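First the structure, in the form of structure tokens, and then the observations on it.
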Amino acid sequence: MKNILKIMGISAAGLATYLYVNKKDPKNFFKNLSTDAKESFERSKRVNDSRKSLQKNIQKLQQELKKSTPVIEQLQKDINDFQFKTSPRIDMIKDRINHLQK
């Protein structure tokens, strides 16, 4: 208990010295300290809220990606089928262009 009182006494003396040396009004000092603490709390709350929102949005994105995977796979299959069907015709067109350029 004595140690706690000593620490509190030393802290109070240090604070008084700081206020005197820097010519600060104790009332304004504590008002600014309180305002800064409230602002810090609000900023940390906004960061936490943003983090929660980001996590929810990431989960939504993951769900939508799972839903879109079959569609993307079907599109790729359709593209491959189209390329397979058009490949002989494109080769024929290229041959004719080469023949005409000679």
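The values are calculated or read from the model by the stated rules, or taken from the named source; none is laboratory data. The structure displayed is predicted, hence computed values, not measured ones. Counting neighbours? That spans all protein chains shown, and the Cβs are built from the backbone with ideal geometry, glycine included. Accessible surface is based on the protein model in full, side chains and every heavy atom, while ligands, DNA and RNA are left aside. Shrake-Rupley method; radii C 1.70, N 1.55, O 1.52, S 1.80 Å.
Report, by residue number, each residue of the stretch 70-102 that is open to solvent by 100 Å² or more (accessible area, probe 1.4 Å) and among the hydroxyl-bearing types (Ser, Thr, Tyr).
None; the set is empty.
Pairs needed: first member in the stretch 28-50, closer than 18 Å to TYR18 by Cβ; second member anywhere, among the aliphatic types (A, V, I, L, M); C-beta distance under 8 Å; at least 6 residues apart or different chains.
Every condition considered, the pairs that remain are PHE29/LEU19.
Considering only residues that are within 13 Å of the chain's Cα centre (by Cα) and among the hydrophobic types (A, V, I, L, M, F, W, C), look in the stretch 21-69 and name the one that is least open to solvent (accessible area, probe 1.4 Å).
ILE58
Search the stretch 76-102 for residues that are of a type in the set (A, V, I, L, M) and pair each with any residue that is assigned to a helix (DSSP H, G or I) and at pLDDT 90 or above when their beta-carbon atoms are under 7 Å apart and the residues are at least 6 apart or on different chains.
Within 7 Å, no pair qualifies.
If you take the residues of the stretch 1-27 that are assigned to a helix (DSSP H, G or I) and touching a Phe, Trp or Tyr at 6+ places or on another chain (Cβ under 9 Å), which of them is modelled with the highest pLDDT?
TYR18
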